[in-house]
Amino acid sequence: MRTKEFIEAWEALSPIQRQVAEWGENPLLVLAGPGSGKTKVLTCRIARILESSRDKNFRILGLTFTNKAADEMRDRVTTFIPGQENRLFLGTFHSFCADVLRQHGTHLGINPNFQIYSQDIDLQAVLSEAVDKAKKMCAEVSDLDKKRLPVIQRLKSLLISPEQSSEAFQDEKLGKRIAVVYSAYEAELCKRNALDFNSLLLKTHQLLAKFPAFAKRYRLVYSYICIDEFQDTNEAQYGLIRALTGDQHRNVFIVADDDQIIYQWNGASHERLKEFIKDYSPMVLQLPMNYRCPPDIVELANNLIRHNFLRTSDKKPLEAFRHSVEKETVRLLPCFPDFETEAAGVASDIKKLHSGHLGSVVVLARNRRLLEGVERALLKEKLSAAISQRKDEFESTPFIWLHSILRLANDGQNRSYLEAVCGSFAQLTQVEINAEEVVSQAQGSPLGYLHLWLRLLNQTSENGLVSKIVSEASRTLVRGRDFQAFSRFALAWFDELIQLQRHQSEDPYMETFARFHEEREVWEELMTESKRIFGEELTLETFLQELQMRSKEPSPKPNTALLMTIHGAKGKEFDHVYLVGLVEDELPSFQSKQRGDNSLEMEEERRNCFVAITRTIQTLTLSYAKKYRGWPKEPSRFLSQMGILGSKSSEEGKNGKYQEAMSFTVAH
């Protein structure tokens, strides 16, 4: 029976949205513009299929590109059709691949409790060790090959294995050299029982290709495949879908927008949609209605994106659902003399107009360097501001210790985890155990580092609290695998330490506990989300793998202005958007200008601008300056292409008519 929430969402669909949500069998390509309600449509379709097949056993595979998007969609489906969420896998490509490899990776020699290395510093350490070993096997390999990490990752993103890699280079000598280094890198990862992000895709593809029975099994289990943001797929991700579906599985439903392809550096390409159309011959439906942006911004977006040629030939322009409002929705601030003045002007404008509701404001820029300048200006105005960025590791001492001890429980011979456990525990308790002593005792012992560390703690310290920690860790992590119980114990202990610290010091936020409270919220959110996804099947291995794939970035504090790169803002929406640095060499970038007006790179820069302005719900404010880092710059060509400034050759563009006006109405 449909819930009230599902009925309301379904009745709110437009006729074309409902046609998409009612799609049943066979391939479908949905061209959905920004603000078109595609998430609502996709979740309604998934819920409808689950609701109409309660007596069936098949599952739905939903793939997207961020954990946050997957979590939000899963929440909606659960609200619409409670009790059916176990028939749905909704997650990122990487989380799906991790799940497949946990179950079947042993056929490729992959231990189910593999670690996922997500940070470049870890991957670089692996490559450095691999190159040192490869030099002994091949005289051509040198320390210069320690810079080959991007090359190896690119090969993996093309689904090229070490055995095939030498053929990928025109220079035969270079190809053989790379093949040796790549093989050594993979061997070192294997030795560490680790995979990098691109390995998750490559290994899963290899599994499905080498063992067709697994691919057949997944086709039977997942009768429907839904892919969001399909335009962002690279060759490895598309190759994975092809291996998964084969020539038999036709129920592939994709949502895409070729005007929002902004991950070319990661292998995304307009060619992917052409491949899908060629391989699957799908029906094509379009969702051009924009429910998010004011009409003026919809027109700017259409003016801009029509200058791109690499688009679906019959792509419909965006349509504005909302009516025009009297207040100014688009403003161009006066041209500033330099970027420092621009940043100060933007900060002053935000203070004047939005100081009481900073949480509704976002500042977007093409790169982080510009955001840092605006952040300094906002802080100077005494406004709360934060640059949004992915955070891969915990920073507070308590959570470094908790994360590390769980890792050590899962990987008992990992010295780096042992050192982190020893160091962070000493900071928390002033009880020191030398990692070297643990390693020494492990020589010839069948016991793991965690067991030996706890034993040394017990022998060294007479502190009652330390004894309690030893007892709890031994019970839940050594003799058992109840990491959730240990996590609850650790959080309670951290709270005790905080209370004790408050009595001992006037400043309860000393360095040891810096960022503790926000990281505690993140930890609890990640634990809750993992339990909701995996239920009783949530093991320590699975939890740690999920942690590695998810950002540890906290939720923004109340009444805080966010600063984001355009890439980071994709898929999001904000009441008030500021787009700074609209000059040549910034947006569009210098590299795209070097490639030429009709290059792939220039078209992607135009899509970046398109994505930025269509994040807007209420107002869009644009800014630019005459100089950046001391170099004179011209206004971005995108300002004239949007219809905001006249062309560079016109007197209107030279005089800056719209700059003086401070605001404008798009001319029809």
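The values are calculated or read from the model by the stated rules, or taken from the named source; none is laboratory data. Remember, predicted model here, so these are calculated numbers, not experimental data. Using ideal geometry, Cβ is built from the backbone for each residue, glycine included, and neighbour counts are taken over all protein chains shown. Quick note on the areas: whole protein, heavy atoms, side chains included, nothing else; ligands and nucleic acids left out. Shrake-Rupley method; radii C 1.70, N 1.55, O 1.52, S 1.80 Å.
List of remarks:
- Take the Cα of Ser599, step 7 Å toward its Cβ, do the same at Glu319, and the gap between the two points is 3.8 nm.
- Straight Cα distances below 17 angstrom link Lys4 to the lysines Lys40, with same-chain residues fewer than 8 positions distant left out.
- Relative protection proxy for 169-178, 201-210, from highest mean packing down: 201-210, 169-178 (other beta-carbon atoms within 10 angstrom).
- For Lys316, Lys570, Lys4, the ranking by accessible surface with the largest value first comes to Lys4, Lys316, Lys570, using a 1.4 Å probe.
- Cut-off under 5 Å, modelled amide H: who pairs with Val583 long-range: Ser636
- For the stretch 55-101, applying the loop criterion from DSSP together with a ceiling of 13 other beta carbons within 10 Å to the trypsin sites (Lys or Arg not before Pro) yields Lys56.
- For the chain, the residue among Thr3, His104, Ala209 whose Cα projects farthest onto the positive side of the dipole built from Cβ charges is Ala209.
- Mean separation of Cα contacts under 8 Å, 6 or more apart, over the residue count of the chain: relative contact order %: 17 percent
- Within the same chain, aspartates and glutamates fewer than 8 places from Lys468 are excluded, and of the rest, those with a Cα less than 18 Å from its Cα are Glu432, Asp482, Asp495, Glu496.
- Carbon + sulfur, % of accessible area of the stretch 375-472 - ligands and nucleic acids excluded, 1.4 Å: 43 percent
- Tensor-based shape of the stretch 5-146 (alpha-carbon gyration tensor, a/c under 1.5 rounded, otherwise prolate or oblate): prolate
- The stretch 430-499: C-alpha gyration tensor shape, a/c 1.5 cut-off, then a/b vs b/c: oblate
- At an R0 of 30 angstrom, the distance between the Cβ atoms of Thr106 and Lys68 translates into a FRET efficiency of 0.45.
- Accessible area expressed per residue, the stretch 153-265, with surrounding protein chains retained (probe 1.4 Å, Å²): 39 Å²
- Computed [θ] at 222 nm, deg cm²/dmol, the chain (DSSP H ≥ 4; -39,500 (n - 2.57); rounded to nearest 500): -15500 deg cm²/dmol
- DSSP finds beta bridges in the chain, and of those with both partners inside it, around 10 percent are antiparallel.
- Taking the 1.4 Å solvent-accessible surface of the stretch 34-91 as the whole, the part contributed by carbon and sulfur is 48%.
- 27 Å Cα-Cα reach of Lys216 towards lysines, excluding residues that sit fewer than 8 places from it in its own chain: Lys56, Lys156, Lys203, Lys274, Lys278
- Accessible surface, the stretch 1-145, averaged per residue in Å² (probe 1.4 Å): 42 Å²
- Distance between modelled label sites at Ile498 and Gln459, nm, 7 Å Cα→Cβ extension: 3.6 nm
- With R₀ fixed at 41 Å, the C-beta to C-beta distance from Lys136 to Glu395 puts the FRET efficiency at about 0.60.
- The calculated Kirkwood hydrodynamic radius for the chain is 27.6 Å, given to one decimal from all distinct C-alpha pairs.
- Mean Cβ neighbour count within 10 Å, used as a protection proxy, ranking 154-160, 269-275, 634-640 highest first: 634-640, 154-160, 269-275
- In the context of the full set of protein chains, the stretch 383-508 has a per residue accessible area of 47 Å² (1.4 Å probe).
- Packing-based ranking, highest mean first, of 223-235, 449-461 given that Cβ atoms within 10 Å are counted: 223-235, 449-461
- Carbon + sulfur, % of accessible area of the stretch 492-636 - ligands and nucleic acids excluded, 1.4 Å: 49 percent
- Calculated from backbone phi, Karplus (6.51, -1.76, 1.60) coupling profile of the stretch 423-436 in Hz, x at Gly/Pro: x, 6, 5, 5, 5, 7, 10, 6, 9, 9, 10, 6, 4, 4
- HN-Hα J in Hz across the stretch 516-521 - Karplus 6.51, -1.76, 1.60, θ = phi - 60°, x for Gly and Pro: 4, 5, 5, 6, 5, 4
- A simple spin-label model places pseudo-atoms 7 Å from Cα toward Cβ; at Ser348 and Arg54 they are separated by 6.3 nm.
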